[in-house]
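Enquirer: Before we start, here is the structure in question, set down as structure tokens.
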């Protein structure tokens, strides 16, 4: 469990957490936490983490992590030259959303940093070259670029954060 100044705690979801009122402004993300996240957890295709305020069961935000890989050819030539010709291992930040009532309060950044920290810990056991995120729009892409994510050569809304950059970011 991760905490931020006593405001939020992050933990795996359970039945006591209220997802019914979650509204991020993105219907596909709202539907995911309400209807699909539990299935992904049971099937071992994602790990989901929810943010809660102390003493309240309502979900304030969430993130999901999974495994991924990519081909080096998707990267700009300078980044690709040192990578193998077989699929490069990565972590996937599948989803990250904050309830509208909590937006603008730093929870999105807190969820992102929590996800980065979890990937850093996993990288001590499993090879992970980078974290990947597929953004839903330009505003989301801009959010991730502020933290060092760079676009793939063939898709400006699919972003990558190399582990070296992730380590530097968390060392601050």
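Enquirer: Answer yes if at least one residue in segment 73-81 is surrounded by fewer than 18 Cβ atoms within 10 Å (Cβ to Cβ), under 29 Å from residue 30 (Cα atoms) and either modelled with pLDDT under 95 or over 11 Å from the mean Cα position of the chain (by Cα) (or both), and no otherwise.
Expert: Of all residues in segment 73-81, those surrounded by fewer than 18 Cβ atoms within 10 Å (Cβ to Cβ) come to 73-74, 76-81.
Restricting the remaining residues to those that are under 29 Å from residue 30 (Cα atoms) gives none.
No, segment 73-81 contains no residue that is surrounded by fewer than 18 Cβ atoms within 10 Å (Cβ to Cβ), under 29 Å from residue 30 (Cα atoms) and either modelled with pLDDT under 95 or over 11 Å from the mean Cα position of the chain (by Cα) (or both).
Enquirer: Kindly list, by first and then second residue, each pair from a residue in segment 122-149 that is over 13 Å from residue 167 (Cβ atoms) to a residue that is assigned to a loop (DSSP other than H, G, I, E, B), limited to pairs with Cβ atoms under 6 Å and residues at least 6 apart or on different chains.
Expert: 141/135
Enquirer: Scan segment 119-147 for residues that are in contact with a strand residue (DSSP E or B) (Cβ under 6 Å, 6 or more places away or on another chain) and either closer than 26 Å to residue 52 by Cβ or surrounded by 15 or more Cβ atoms within 10 Å (Cβ to Cβ) (or both) and jot them down. Steps first, please.
Expert: Looking only at segment 119-147, we keep the residues that are in contact with a strand residue (DSSP E or B) (Cβ under 6 Å, 6 or more places away or on another chain), and these are 119, 127-135, 141, 144.
Residues satisfying the conditions are 119, 128, 129, 130, 131, 132, 133, 134, 135, 141, 144.
Enquirer: Pick out, from segment 16-107, the helices (runs of 4 or more DSSP H) lying fully within it that include 2 or more residues that are under 22 Å from residue 122 (Cα atoms).
Expert: Values: elements: 27-31, 37-42, 77-80.
Correct list: 37-42.
Enquirer: A further question follows. Between 107, 93, 111, which is touching a helix residue (DSSP H, G or I) at 6+ places or on another chain (Cβ under 6 Å), under 15 Å from residue 62 (Cβ atoms) and surrounded by 18 or more Cβ atoms within 10 Å (Cβ to Cβ)?
Expert: 93
The values are calculated or read from the model by the stated rules, or taken from the named source; none is laboratory data. These numbers come from a predicted model, not from an experiment. FYI the Cβ positions are ideal-geometry reconstructions off the backbone, even for glycines, and counts take in every protein chain you see.
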